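Following: one structure in C-alpha cells, then a few remarks.
Each value in this text was obtained by applying a stated rule to the coordinates, not by laboratory testing. These numbers come from a predicted model, not from an experiment. Every residue, glycine as well, gets a Cβ built from its backbone with ideal geometry; the counts of neighbours run over all protein chains shown.
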Amino acid sequence: MLPKGDKEFIRKKLMPKLGIKSLRIRWSDYSRTKYPDIWCEPWERPPRIVVTAEWRRQNMHERRKRLVHEGLHMKGFKHGKHDGLVYSTHPAQDTYSMKVYKGIIRNA
C-alpha cells in the first residue's frame, strides 16, 4: 500500500535524519475520513505510523511532509510555534514540518 519511493524515503532519509532506530508503517483500511489521514503510535514497540487511503491520494511531497510530521512527534515534538513557523495538526498550516522536510531532501 505504501509507494516504493515513500518506503525508501522513510528508511534512507527520514529515520536516519531524525535518529529513529525502528519504525513500523501500518495501513488502515478502516479510516474513511479525510482527517486524520495519518497518525503515529509512539507507545508501540516498534513505534508505528498509520496511513490511510486519503494520505495515499496526496502528492509525493505532501505525503512525505506528513511522514516527517509524525516522525517529529515520535521524537517528542509538540504542536505550536517553533522558529517562527507553525507545527500544526492541520496540514495546510503546518509550515514547520515542510521546513524540516525540505532540509531532509536538500541534505540527502
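Summary of values
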{"read-out": "Antiparallel content of DSSP bridges confined to the chain, in %, to 5", "value": "65"}
{"read-out": "Lys, Arg +1 and Asp, Glu -1 on Cβ, resulting dipole of the chain about Cα centre, debye, nearest 20", "value": "380"}
{"read-out": "Sorted by Cβ neighbour density within 10 Å, fewest at the top, the residues 25, 38, 105", "value": "105, 25, 38"}
{"read-out": "Reduced Cα scattering model of the chain, Debye log10 I(q)/I(0), q = 0.16, 0.18 Å⁻¹", "value": "-0.67, -0.87"}
{"read-out": "Amide H within-cut-off set for residue 25, under 5 Å, with H built and near neighbours excluded", "value": "49"}
{"read-out": "Label-to-label distance, nm, for residues given as residue 27 and residue 90 (7 Å Cα→Cβ offset)", "value": "3.1"}
{"read-out": "Partners for residue 78 among lysines (Cα-Cα distance below 23 Å; same-chain residues under 8 apart left out)", "value": "13, 17, 21, 34, 65, 99, 102"}
{"read-out": "18 Å cut-off, amide nitrogen to a point 7 angstrom out along residue 78 Cα→Cβ, residues in segment 24-67", "value": "42-43"}
